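Report on the following structure.
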Amino acid sequence: MASVDDLKYMKMALSLARKGLGKTAPNPCVGAVVVREGAVVGRGWHRRVGAPHAEINALGEAGELAAGATIYVTLEPCNHQGRTPPCSKAIVAAGIRRVVYGMPDPHPVASGGGAYLAGRGLDVLVGVLESDCRRLNLPFTKRVSTGRPWVVLKAAVSLDGRIATSGGRSKWITGEQARLVVHRLRCQSDAILVGVSTVMADDPSLTTRLPGRGGRDPVRVVLDTSLQTPPASRVINHDSAAATWIFCGPAAEPGRIRRLQRPGVEIRQVGTGPDGSVSLAEVLDQLGTAGITTLLVEGGGLVHGAFLRQDLADEAAFFVAPMFIGGDGLAAVGPLGLADPGQAPRLHEITRRRCGDDLLIRGLLKPLCR
């Protein structure tokens with residue numbers, strides 16, 4: 001049974017874990033706290049793939065004070081040799097007496113740390129703030145269980161659900177505060193996806209622009225069945241360490257492939273669906289294989305509609321601006337073919353956030369299993 005202190009220290013570990021958002025893929029975000037005689041003596045979080053895990057960082061800070069202490073971890077300590085040694089063995093070696101973790105590790109290879117620790121006489125408690133820990137690592141859980149990334153549909157829309165005027169102009173529907181949050185979302189995502197129509201209409205750079213150091217750029221992904229992407233577009237001619245991947249159909253002309261090929265740009269051919277567009281399922285499979293854990297889909301409407309029709313989206317983050325654009329504007333979501341409102345995709349676990357005059361509505365497209 002979890003105590004008040006168990007809840008307090010797990011909340012602290014969760015706060016540390018969130019520092020890893022957008023930095024740890026394909027690994028999960030994990031936080032750890034070492035507590036001895038009511039005092040926190042060590043803190044740690046997983047900072048990036050290949051770096052020491054949260055438990056190792058927390059134990060390192062605690063030093064000799066870890067002996068006889070309790071360690072709180074948001075995820076079951078790993079029990080295998082990967083890029084780094086098993087955290088379960090490091091916990092035993094440090095002399096930890098009690099281990100409290102939030103959720104079991106869904107990875108079939110890394111799991112088993114809880115049983116290993118209990119088998120060596122440590123007091124183990126699992127499930128403290130489990131729903132919060134699971135929510136933090138939904139993208140990781142999905143990728144290790146399905147091989148595909150977590151898909152977030154993002155749009156900036158008017159009150160009447162439009163993302164651009166009839167002439168295609170969209171700058172700016174939302175204000176500065178909302179746009180800053182968008183760039184934070186990009187920084188926390190491993191890849192950002194648009195359709196070629198968005199590239200041709202807006203010529204976006206699809207980079208992260210945050211105050212100060214700017215933030216990490218996600219991999220740019222463009223759906224372009226017949227390779228209409230202009231060679232002069234900014235997704236091709238970018239000054240970024242992140243690559244651009246253009247997914248096209250098997251019938252794309254070799255000449256168009258050659259015109260777009262250059263360092264930092266990959267042309268990836270996949271099959272097509274019944275409508276002749278590139279297969280979203282194959283795109284997601286390739287992204288997952290490449291270690292992409294979170295995919296931010298910025299549309300436009302036809303792309304959003306395709307993800308929803310095929311039940312391939314996991315979450316939506318829509319920024320709603322207090323304005324009307326009208327029925328001749330471009331819709332945020334393309335046709336879904338619904339016969340009844342009861343068939344409409346509906347959000348769950350909804351959160352609302354003010355961003356200046358705009359409102360961010362965010363939620364899951366499938367209810368969480370509790």
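The values are calculated or read from the model by the stated rules, or taken from the named source; none is laboratory data. Owing to the predicted nature of the structure, the values given are computational and were not obtained by experimental measurement. Because the Cβ atoms are built from the backbone with ideal geometry, glycine has one as well, and the counts that use them run over all protein chains shown. We work out accessible area using only protein heavy atoms, side chains counted, and drop any ligands, DNA or RNA first. Shrake-Rupley method; radii C 1.70, N 1.55, O 1.52, S 1.80 Å.
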Quick one: in the stretch 50-65, which of the residues that are small (G, A, S) and part of a helix (DSSP H, G or I) is surrounded by the fewest Cβ atoms within 10 Å (Cβ to Cβ)?
-> G63
For the stretch 257-279, what are the residues that are open to solvent by less than 20 Å² (accessible area, probe 1.4 Å), farther than 27 Å from D311 by Cβ and within 25 Å of the chain's Cα centre (by Cα)?
-> V265
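Among the listed residues T244, T294, which satisfies the condition of being touching a Phe, Trp or Tyr at 6+ places or on another chain (Cβ under 6 Å), of a type in the set (S, T, Y) and under 23 Å from V182 (Cα atoms)?
On the way: T244 fails: touching a Phe, Trp or Tyr at 6+ places or on another chain (Cβ under 6 Å).
Of T244, T294, the one residue that is touching a Phe, Trp or Tyr at 6+ places or on another chain (Cβ under 6 Å), of a type in the set (S, T, Y) and under 23 Å from V182 (Cα atoms) is T294.
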Can you name the strands (runs of 3 or more DSSP E) wholly within the stretch 280-370 that have at least 2 residues being modelled with pLDDT of 95 or more, surrounded by fewer than 14 Cβ atoms within 10 Å (Cβ to Cβ) and out of contact with any Lys or Arg (no Cβ under 9 Å at 6 or more places or on another chain)?
-> none
State which residue is least open to solvent (accessible area, probe 1.4 Å) when the search covers only the stretch 244-256 and only residues that are among the aliphatic types (A, V, I, L, M) and modelled with pLDDT under 95.
-> A252
Restricting the stretch 30-39 to residues that are over 28 Å from the mean Cα position of the chain (by Cα) and crowded, with 16+ Cβ neighbours inside 10 Å, the one farthest from C78 (Cα to Cα) turns out to be R36
So A201, is it open to solvent by 20 Å² or more (accessible area, probe 1.4 Å), among the small types (G, A, S) and at pLDDT 95 or above | no
Quick one: V222 ticks every box in (1) over 20 Å from the mean Cα position of the chain (by Cα); (2) closer than 27 Å to L336 by Cα except a single one, so which number is it?
-> (1)
Where a residue in the stretch 338-359 is under 23 Å from P322 (Cβ atoms) and its partner, wherever it lies, is surrounded by 11 or more Cβ atoms within 10 Å (Cβ to Cβ) and of a type in the set (F, W, Y), with Cβ under 7 Å and at least six apart | C355/F319; D358/F319
Would you be able to tell me the number of residues in the stretch 223-262 that are within 24 Å of P149 (Cβ to Cβ) and in a strand (DSSP E or B)?
-> 6
Note on the stretch 135-161: residues of a type in the set (G, A, S), assigned to a loop (DSSP other than H, G, I, E, B) and under 20 Å from L312 (Cβ atoms) are G147
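Only one of R186, R216, R220 is within 27 Å of A252 (Cα to Cα) and either assigned to a loop (DSSP other than H, G, I, E, B) or out of contact with any His (no Cβ under 7 Å at 6 or more places or on another chain) (or both); which?
Of R186, R216, R220, the one residue that is within 27 Å of A252 (Cα to Cα) and either assigned to a loop (DSSP other than H, G, I, E, B) or out of contact with any His (no Cβ under 7 Å at 6 or more places or on another chain) (or both) is R220.
Got a number for residues in the stretch 106-124 being over 28 Å from the mean Cα position of the chain (by Cα), aliphatic (A, V, I, L, M) and surrounded by 15 or more Cβ atoms within 10 Å (Cβ to Cβ)? Working first, answer last.
Step one: filter the stretch 106-124 for residues over 28 Å from the mean Cα position of the chain (by Cα), giving 115-124.
Filter again for aliphatic (A, V, I, L, M), leaving 115, 117-118, 122, 124.
Still in the running and surrounded by 15 or more Cβ atoms within 10 Å (Cβ to Cβ): 117, 122, 124.
Going through the stretch 106-124 one residue at a time, the tally reaches 3.
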Checking G42 against (1) open to solvent by 20 Å² or more (accessible area, probe 1.4 Å); (2) small (G, A, S); (3) under 29 Å from S189 (Cα atoms), which test does it fail?
-> (1)
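Any chance the stretch 210-219 includes a residue that's modelled with pLDDT of 90 or more, farther than 17 Å from L359 by Cα and surrounded by fewer than 23 Cβ atoms within 10 Å (Cβ to Cβ)?
Taking the stretch 210-219 as the starting set, the residues that turn out to be modelled with pLDDT of 90 or more are 217-219.
So of that shortlist, the ones also farther than 17 Å from L359 by Cα come out as 217-219.
Narrowing further to those that are surrounded by fewer than 23 Cβ atoms within 10 Å (Cβ to Cβ): 217, 219.
Within the stretch 210-219, one or more residues are modelled with pLDDT of 90 or more, farther than 17 Å from L359 by Cα and surrounded by fewer than 23 Cβ atoms within 10 Å (Cβ to Cβ).
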Count of the stretch 262-299 residues which are among the acidic types (D, E) and within 19 Å of I236 (Cβ to Cβ) = 2
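Could you check the stretch 2-29 and list, in sequence order, the residues that are aliphatic (A, V, I, L, M), open to solvent by 10 Å² or more (accessible area, probe 1.4 Å) and touching a residue at least 12 places away in the same chain (Cβ under 8 Å)?
A2, L7, M12, L16, L21, A25 - these are the residues of the stretch 2-29 that are aliphatic (A, V, I, L, M), open to solvent by 10 Å² or more (accessible area, probe 1.4 Å) and touching a residue at least 12 places away in the same chain (Cβ under 8 Å).
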